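Written below as structure tokens is the structure these notes are about.
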Amino acid sequence: MQRVSRAAVRVEGEEMGRIGAGVLILLGVASEDRPGLEEKLAIRCAGLRIFEDERGRMNLSVREIGGAVLVVPQFTLVADTSRGRRPSFTPTAPPDRAERAFQAFCETLRAVDVPTERGRFGVSMEVELTNMGPATFLLETASGS
């Protein structure tokens, strides 16, 4: 997840989503991720204190600053690059399961009152962003827990 001053996603030149200040989340789903994990992760992302307060400390969440979230599905994040010169996508969740997790993640963000835009699952996208900080955070789950 990246703290941004703006971000947008396009598919074949058509804008799918755009936000101002907030968070761009690149979401990868692994085959070992258990069902329901996406909701916990979405709530965690909504509450993560990565924006500065009046004293310049990272003490505010995207909700507290009135920001928005742009979620882009990105299966390549889960690729195994430990050997050879070609990534292995064996660790990624099957597309139907990954798409359900992506949709549930986005719906959970909306349910906790975070304005949410999204990319489109299963297509090539152009993602544009201006990273604030820069500040980028990797949220991983331990063995799908």
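Descriptive notes on the structure:
- Modelled label reach - THR130, point 7 Å along Cα→Cβ, the stretch 1-41 residues with backbone N closer than 13 Å: 4-8, 19-22
- In the chain, the portion of solvent-accessible area held by carbon and sulfur atoms comes to 49 percent [1.4 Å probe, whole percent, DNA, RNA and ligands not counted].
- The chain: relative contact order in percent, alpha carbon pairs under 8 Å with at least 6 residues between: 38
- q = 0.12, 0.15, 0.21, 0.28 Å⁻¹, the stretch 79-145: log10 I(q)/I(0) [Debye, one scatterer per Cα]: -0.49, -0.79, -1.37, -1.24
- Dipole axis of the stretch 23-127 (+1 Lys, Arg; -1 Asp, Glu on Cβ), positive-most option in SER61, CYS106, PHE75: PHE75
- Put simply, the Cα atoms of the stretch 16-56 extend 41, 27, 12 Å along their principal axes, the longest span coming first.
The values are calculated or read from the model by the stated rules, or taken from the named source; none is laboratory data. This is a predicted model, so every value here is computed, not measured. Note that each Cβ is placed from the backbone with ideal geometry, even for glycine, and that neighbours are counted across all protein chains shown. We work out accessible area using only protein heavy atoms, side chains counted, and drop any ligands, DNA or RNA first. Shrake-Rupley method; radii C 1.70, N 1.55, O 1.52, S 1.80 Å.
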